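Enquirer: The structure under discussion is supplied below as structure tokens; questions concerning it will follow.
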Amino acid sequence: DSGVTQTPKHLITATGQRVTLRCSPRSGDLSVYWYQQSLDQGLQFLIQYYNGEERAKGNILERFSAQQFPDLHSELNLSSLELGDSALYFCASSPQGLRNTEAFFGQGTRLTVV
Amino acid sequence: ELKVEQNPLFLSMQEGKNYTIYCNYSTTSDRLYWYRQDPGKSLESLFVLLSNGAVKQEGRLMASLDTKARLSTLHITAAVHDLSATYFCAVDRVNSGNTPLVFGKGTRLSVIA
């Protein structure tokens, strides 16, 4: 168990809908990252937050948004869902200030858009 | 743009054999990570390589880093079925702070009897 908690584990929804994925980082970790994993694109970095502020942005669609709250949990909002958004969405966290460390991944949310 | 390439992408090997997975990256970085993923599961950190010449070993897996060649290897010794999984290497985008990792496409390893 990495200490990173993601909910829900599975989500099935229809095209055009909006969903929210939730992530609680490891205790003390200030950085949260969101990744999308699909069969054809591999692991794609979406967005990073550090202590409530957006730190880096990757290949995140305009229909997607995220935020990190004062208690450091993060939410990824996906709207106007398309079939191609079906994927595993991972949240990872790492401590800031400790340079030589790795990111710890949650169990992921499997999103299926039908 | 930082690119990370792994090869092979698929590897089927017999139990007891040795093999090496390669990870090349395109820009300067001094931190490289290896992760393991079982089907439908999360990514588990295996190794963190922090400097040129770093070598780490855990059981039948050994990872090394050559920053001059921008190359890391993951060597598997005397493979067993439990090692069947997908292995990813990942590199920092820049050489400072906690920046997002860029992943290779992964090597799907299947160990057969």
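Enquirer: One-quarter of the Cα convex hull surface for the protein assembly as shown, in nm²?
Expert: Values: hull surface 48.3 nm².
Computed as one quarter of the Cα hull surface, the answer is 12.1 nm².
Enquirer: Using a 10 Å cut-off on Cβ to Cβ distances, tally the other chain neighbours for every residue of A:29-37 and report the average as a whole number. Show your work: numbers first, answer last.
Expert: Numbers: counts 1, 1, 4, 0, 4, 1, 4, 0, 5.
The per-residue average across the peptide is 2.
Enquirer: Considering only Cα-Cα distances, which of the following residue pairs are longer than 24 Å: B:LYS17/B:LYS68; B:LYS41/B:LYS105; B:LYS41/B:LYS68?
Expert: Working: B:LYS17/B:LYS68 29 Å; B:LYS41/B:LYS105 16 Å; B:LYS41/B:LYS68 33 Å.
Over 24 Å Cα-Cα: B:LYS17/B:LYS68; B:LYS41/B:LYS68.
Enquirer: Moving on to the next point. How far apart, in nm, are two points set 7 Å out from the Cα along the Cα-to-Cβ line at B:ASP38 and at A:GLN17?
Expert: 2.9
Enquirer: How big, on average over all directions, is the shadow cast by the Cα convex hull of the stretch B:9-113, in nm²?
Expert: Computed as one quarter of the Cα hull surface, the answer is 6.3 nm².
Enquirer: What are the extents of the Cα atoms of chain A along their three principal axes, in Å, largest first?
Expert: 41, 26, 24
Enquirer: Taking the Cβ of each residue in B:LYS56, A:LYS9 as the centre, tally the other Cβ atoms inside 10 Å and list the residues starting with the fewest. It would help to have the intermediate numbers written out before the result.
Expert: On the way: B:LYS56 15, A:LYS9 10.
So the ranking, lowest neighbour count to highest, is A:LYS9, B:LYS56.
Enquirer: Please name whichever of B:ILE112, B:MET13, B:THR27 sits farthest to the positive end of the charge dipole of chain B, dipole taken about the Cα centre and charges placed at Cβ: Lys and Arg +1, Asp and Glu -1.
Expert: B:THR27
Enquirer: What distance in nm separates the simple spin-label points at B:LEU2 and A:LYS57, each placed 7 Å from Cα in the Cβ direction?
Expert: Result: 2.0 nm between the two label points.
Enquirer: Let me ask you something else. Roughly speaking, what is the centre-to-centre gap between the stretch A:1-47 and the stretch A:57-113 when only Cα atoms are used, to the nearest Å?
Expert: First find each Cα centre; the distance between them is then 4 Å.
Enquirer: What average count of beta carbons from other chains do you get within 10 Å of the Cβ of residues in A:46-56? List each step's numbers first, then the result.
Expert: Values: counts 1, 1, 4, 0, 2, 0, 0, 0, 0, 4, 6.
Partner-chain Cβ atoms within 10 Å, mean over residues of A:46-56: 2.
Bear in mind these aren't lab numbers, they're just calculated from the coordinates by the rules spelled out. All figures in this text were calculated on a predicted structure; none of them were measured in a lab. Please note: Cβ atoms are built from the backbone with ideal geometry, for glycine as well, and neighbour counts cover all protein chains shown.
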